[in-house]
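Every number in this text was worked out from the coordinates using simple rules, so none of it is lab data. Keep in mind that this is a model prediction, so the values were computed, not measured. Every residue, glycine as well, gets a Cβ built from its backbone with ideal geometry; the counts of neighbours run over all protein chains shown.
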Amino acid sequence: MSKATVLVIDDEEEIRENIERLLASEGYNCRTLGDPTRFRQVRTEVNPDVLITDLRMPGADGMTILAAARADDPTLPVILITGFASLSSAVEAMQEGAFDYLAKPFTAEQLFAAVDRAARHRGLIVENQELKAQISHERFGTVAGSSAAFSRILDQVRRVAPTDANVLLTGESGTGKEIIARLLHDRSHRSKALFMPVDCAALPDGLMESELFGHERGAFTGAITRRQGLFKEADGGTIFLDEIGEMSMPMQSKLLRALEQREVRPVGGSSLVDFNVRVVAATNVDLESAVADGAFREDLYYRLNVVQLRLPPLRERRDDLPVLSSLFLKEAASAAGREVPMITPEAWSLLERYPWPGNIRELRNVMHRMVALDADGHIRMSDLPSQLRRGDVRARSNGNGAGHLPLDYNQAKEEATYRFMLDYLDQLLDAHDGNVSQAARTAGVSRRTLHRWLAEYREGNGSTHVAE
């Protein structure tokens, strides 16, 4: 939540201003309050995503503010700050429901880490609430798609969702693996608890272990309080391990033990913490090949792969293209406060022929782009992104789709340019054994320009390896 709203309560003006300045530099919307007795009035006006309050203040102390916040909105994460830190006050605060506890003076990094974690936690709760309100039988069964390929997936989801079996979602990037993971959660007996997504590719080992399993006070620099991990936060719910194939071997071993024992050991801790979650993992890589190559643990693979659902790419469910396009157009138009534009037959013909390598994610982005650039309520072929038009030229130049669309002057010019640039770049790189730096010097352009040309004209065309 890069634009989360944070309410800061402290009777010292300098403290309030410093925190506001730091958080504003990170993109947060920050409001401050010097009189804690006005908390409830200001909270209603501000509707914060995160609350930071001093522990000792005249009129109402931090524990009183914490109790009021919990009574008004139990989902609002509260971070207590104090210059009179003690273990007993930290324990009491956490027992009463505080999200985190910072001792003054704290560093900017400690503040950012605490607020970011609190904002993400709040975002997950809000997202889960909104998802439950939005998902209906119609969306689950019809709006998302009715093709044979996708209907099979939905049928499998309906059957496996009520169970506690671990599920492995496979398929290309952009096929909607997180959406299916959320549907599995929503249709399970765990739907009232949290759905907790984790991007395994984005977290280094040290941080991932702390995020998943938690840590004890003093486990590392900045760990001033004990914190439970995501496995415990999602207790009773579902944890979604996205890009599981990117997890390192040492972390795989720790995850395997946790799943087998149903308990984790927080970083720096000596005792074990049990948990009860369902695990849904996802990957766009071939884990069987990774196992054969020694890059992924075989025992973890079988632990995760109790039920495997392969999500079909969009090119295998073209019957869903009209309903998905309509869904995303309406979504974008509603967000922009505009009328839903019409797609001309010529443009639709190109959309149908395009292979959609980015799958549903690419389709959604294209529809949103079309709404943002719409000038007269019509989407024409010339309005479509260049990669779609290049893809059509590429398909016709390979003999696919020939005769579907006669070339006008601009299309003929575009095809000729494409073919020339493709041949030129192939010859240029071949002459320099794929070395981009040498090729750029020969072409008389910068490496950046040559990289742009390569991305524009050779992407997805079986290009050979290039070296810097």
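With r defined as the distance between the Cβ atoms of Glu339 and Thr64 and R0 fixed at 60 Å, what FRET efficiency is calculated, to the nearest 0.05? Rounded to the nearest 0.05, the efficiency is 0.75. For Ile379, nonlocal amide neighbours, meaning residues 5 or more places apart or on other chains whose placed amide H falls under 5 Å from its own, are Met342, Ile343, Thr344. The length gained on full extension between Arg447 and Arg152, counted as 0.36 nm times the residue separation minus their Cα-Cα distance, comes to 101.5 nm.
Across the stretch 1-63, counting alpha-carbon atoms alone, Rg and Dmax equal 11.1, 32 Å. Computed from backbone phi, the HN-Hα couplings of the stretch 294-301 come to x, 9, 9, 5, 5, 5, 5, 4 Hz, rounded to whole numbers (Karplus: 6.51 cos²θ - 1.76 cosθ + 1.60, θ = phi - 60°; Gly and Pro given as x). Close amide-amide hydrogen proximity is noted between Ile81 and Thr53, Asp54, Leu55, Leu102, each under 5 Å apart and 5 or more residues distant or on a separate chain (H modeled in the peptide plane; Pro and chain starts excluded).
For the cross-link pairs Lys192/Lys330; Lys232/Lys330; Lys104/Lys177, the ones whose C-alpha atoms lie over 32 Å apart are Lys232/Lys330; Lys104/Lys177. Across the stretch 207-331, the volume of the C-alpha convex hull divided among the residues equals 156 Å³ per residue.
Over all Cα atoms in the stretch 296-371, the spread is summed up by Rg and Dmax: 17.0, 53 Å. For the stretch 274-348, the dipole from Cβ point charges (+1 on Lys and Arg, -1 on Asp and Glu) about the Cα centre works out to 220 debye, to the nearest 20. Each label point was placed 7 Å from the Cα along the Cα-to-Cβ direction; for Ser382 and Ala71 their separation is 6.6 nm. Amide H contacts for Cys30 (H built 1.01 Å from N in the peptide plane; partners 5 or more residues away or on another chain; cut-off under 5 Å): Val6. Averaged over residues, the count of other Cβ atoms within 10 Å places the peptides 341-352, 198-209 in the sequence 341-352, 198-209, highest first. When the inverse distances between all different Cα atoms of the stretch 70-112 are averaged and flipped, the Kirkwood radius reads 11.1 angstrom. Placing a label point 7 Å from the Cα of Glu178 along the Cα-to-Cβ direction, the residues of the stretch 1-40 with a backbone N closer than 12 Å are 1. Straightening the chain between Phe84 and Arg369 buys 97.3 nm, computed as 0.36 nm per residue apart minus the Cα-Cα spacing. Taking 0.36 nm per residue of separation and subtracting the Cα-Cα distance, full extension of the segment from Ala113 to Glu13 would add 33.7 nm. Projecting label points 7 angstrom from Cα along Cα→Cβ for Ser289 and Gln95 puts them 5.5 nm apart. In a simple Cβ point-charge model (Lys, Arg +1; Asp, Glu -1; nothing else charged), the stretch 345-390 has a dipole of about 220 debye relative to its Cα centre. Is the C-alpha gyration tensor of the stretch 315-354 telling us rounded, prolate or oblate? Criteria: a/c under 1.5 is rounded; beyond that, a/b larger than b/c is prolate, otherwise oblate. Verdict is oblate for the stretch 315-354. With each label modelled as a point 7 angstrom along the Cα→C-beta vector, the Asp274-Arg257 pair spans 1.9 nm.
For the stretch 21-134, the equivalent ellipsoid built from the Cα gyration tensor has semi-axes of 22, 17, 15 Å, listed from largest to smallest.
For the stretch 310-340, the list of GluC sites (Glu not before Pro) that fall in a loop by DSSP and count at most 16 other C-beta atoms within 10 angstrom reads Glu339. Per-residue 3J(HN,Hα) values for the stretch 361-375, derived from phi via the Karplus relation 6.51 cos²θ - 1.76 cosθ + 1.60 with θ = phi - 60°, read 4, 5, 4, 4, 4, 5, 5, 5, 5, 5, 5, 5, 9, 4, 10 Hz in sequence order (x marks Gly and Pro).
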